[in-house]
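Right, one structure below, let's go through it.
The values are calculated or read from the model by the stated rules, or taken from the named source; none is laboratory data. Quick caveat: nothing in here was measured; it's all calculated off a predicted structure. Cβ sites come from the backbone with ideal geometry, for glycine too, and all protein chains shown count toward neighbours. Remember, those area values only see protein heavy atoms, side chains included, never the ligands or the DNA or RNA. Shrake-Rupley method; radii C 1.70, N 1.55, O 1.52, S 1.80 Å.
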Amino acid sequence: GVDLQVCTSKNPTCCTKKMEERYQTAAKQDIQQVLQTSSATLKFLISRNAAAFQETFEILVRLGENYTSTLFCNAYKNMAAEATTRVQEFFTDVGLFIFGTDISTEEFVNRFFDNLFPVVYNHVINPGLTDISLEYAGCLQMARRDIRPFGNIPKKAIGQIGRSLLPSRTFLQALNVGIEVINTTDHLHFSKDCSRALLRMQYCPHCQGLTLSKPCMGYCLNVIRGCLANMAEVDLHWRGYIQSLEELSSAMSGTFDIEHVLLNFHSLVNDALVQARSNGPKLSEQVNKVCGPPVRKPTRSPGCSFDQNKDNQGFKMLSRDSEETLTNRRKEFISHLRLYRAFYGGLADQLCGNELAAADGLPCWNGEDVVRSYTHRVVGSGIKAQSSNPEVKVKGTDPVISQIIDKLKHVIQV
């Protein structure tokens with residue numbers, strides 16, 4: 001074939017233009033394959049943990065709801081049915097917040113106590129033979145923040161809920177960004193110049209019958225560093241990402257640990273109820289001033305219809321082994337992830353060293369011939385270093401890479 005585009009040579013060649021095109025496709029597929037293989041364990045590590053943490057958070061939300069509903073069923077039977085509805089609404093909000101919905105923790109904690117007050121007033125502070133009317137209940141909800149029947153418990157709850165849920169929500173979001181970064185770099189689009197360089201390195205020797213020769217190490221580094229120049233730009237931000245995940249993880253334990261806060265929410269609620277009960281007469285007076293005497297309508301609240309055994313499965317799963325606590329699971333995950341700090345910076349070296357290049361001292365392919373060693377200058381990683389790359393021309397930044405760098409910067413900021 002005289003019309004070859006890339007694998008031209010002084011010697012006779014056994015390639016046709018058609019073969020060269022097929023080799024071109026193969027060279028691109030090979031590099032994609034090698035990239036995906038090299039990131040597979042990292043991707044699996046993050047996605048498996050993202051799923052595991054999400055599942056654990058779901059169990060914690062269910063258990064928190066369970067414990068709180070059980071409190072009403074055991075200690076406040078007469079108002080259990082109404083109260084458990086309020087509890088369900090609250091924990092639905094907790095779940096929505098952890099899994100990324102844009103709602104305010106302060107708002108939904110306040111809403112819970114606003115909605116709980118009429119129920120507590122009706123059954124504990126001023127119980128009657130019939131229930132208070134909807135309009136009267138509405139007045140109590142509006143007045144709750146001024147009357148403060150639960151003392152400073154709602155404020156305490158806002159602090160604990162906000163400070164424990166936000167890190168967990170951020171942690172999950174960050175893991176999803178990590179998966180997105182790897183998915184993006186796994187399917188990177190290679191420039192025409194890079195594709196030609198890959199073809200020259202991988203398959204042009206075949207055209208001369210040299211099917212066993214491998215590229216020289218320096219040559220391989222120049223080609224792969226040129227092709228992955230944009231990817232190497234992720235390195236700095238990837239290191240920052242892993243470091244901030246590490247910092248976030250260590251800040252997630254202690255009093256504001258999500259496990260501690262959700263599973264003990266019922267005791268905060270109990271404190272709130274005890275406080276309201278002990279200030280009963282004074283609260284009645286305040287309510288009369290704001291809402292007038294209670295207006296009642298003839299209905300009776302049903303008893304507790306909550307199934308307390310429903311979710312004990314989840315708890316067994318969670319406390320099967322105290323070593324399996326969230327904190328330990330996070331520590332273990334972070335220590336594995338730390339091993340991949342330099343993943344993007346060292347990728348070209350890893351690929352050439354492990355798979356692509358000839359071992360030191362062996363005759364190797366330099367893009368034109370089999371030689372004893374490669375004589376051109378070997379360039380560093382990253383876009384700036386490529387201006388003097390003898391094998392690949394790199395033109396500016398890939399917008400797809402700029403986009404994921406921005407995502408990493410944003411999640412580090414958060």
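A few remarks follow.
- Backbone phi angles across region 155-165, fed through the Karplus curve with coefficients 6.51, -1.76 and 1.60 (θ = phi - 60°), yield HN-Hα couplings of 5, 4, 5, 4, x, 5, 5, x, 6, 9, 7 Hz in residue order; Gly and Pro are listed as x.
- Restricting the calculation to Cα atoms, region 134-225 shows an Rg/Rh of 1.58 when the hydrodynamic-style radius is the Kirkwood one.
- The long axis of helix 192-202 is offset from the longest Cα principal axis of the chain by roughly 60 degrees.
- The dipole here belongs to region 328-414: it is taken about the Cα centre, uses +1 on the Cβ of Lys and Arg and -1 on the Cβ of Asp and Glu, and is about 660 debye.
- Dipole in debye (nearest 20) - the chain, about Cα centre, beta carbon charges: Lys, Arg +1; Asp, Glu -1: 300
- 21 Å Cα-Cα reach of LYS395 towards lysines, excluding residues that sit fewer than 8 places from it in its own chain: LYS28, LYS192, LYS384
- Cα gyration tensor shape of region 323-414, rounded if a/c is under 1.5, else prolate or oblate by comparing a/b with b/c: oblate
- The GNM of the chain, with springs linking C-alpha atoms under 10 angstrom apart, assigns the highest mean-square fluctuation among LEU166, LEU362, LEU188 to LEU362.
- Region 13-44 and region 379-399 have their alpha-carbon centroids 21 Å apart.
- For the chain, the residue among VAL109, LEU210, SER249 whose Cα projects farthest onto the positive side of the dipole built from Cβ charges is VAL109.
- At a probe radius of 1.4 angstrom, the accessible area of region 224-292 per residue rounds to 43 square angstrom.
- Between the helical axis of 134-147 and the longest alpha-carbon principal axis of the chain there is an angle of about 80 degrees.
- Kirkwood Rh in Å, taken over the chain so that all alpha-carbon pairs contribute: 26.1
- GNM flexibility winner over the chain from ASP360, ASP93, ASP235 (Cα, springs under 10 Å): ASP360
- Once the Cα atoms are used to define both axes, helix 326-338 deviates from the longest principal axis of the chain by about 20 degrees.
- Most mobile listed residue (ALA229, ALA75, ALA342) in the chain, GNM with C-alpha springs under 10 Å: ALA75
- Calculated SAXS-style log₁₀ I(q)/I(0) at q = 0.16, 0.18, 0.21 Å⁻¹ - region 82-166, Debye, Cα scatterers: -0.65, -0.79, -1.00
- One Cα centroid belongs to region 163-183, the other to region 206-225; the line between them spans 40 Å.
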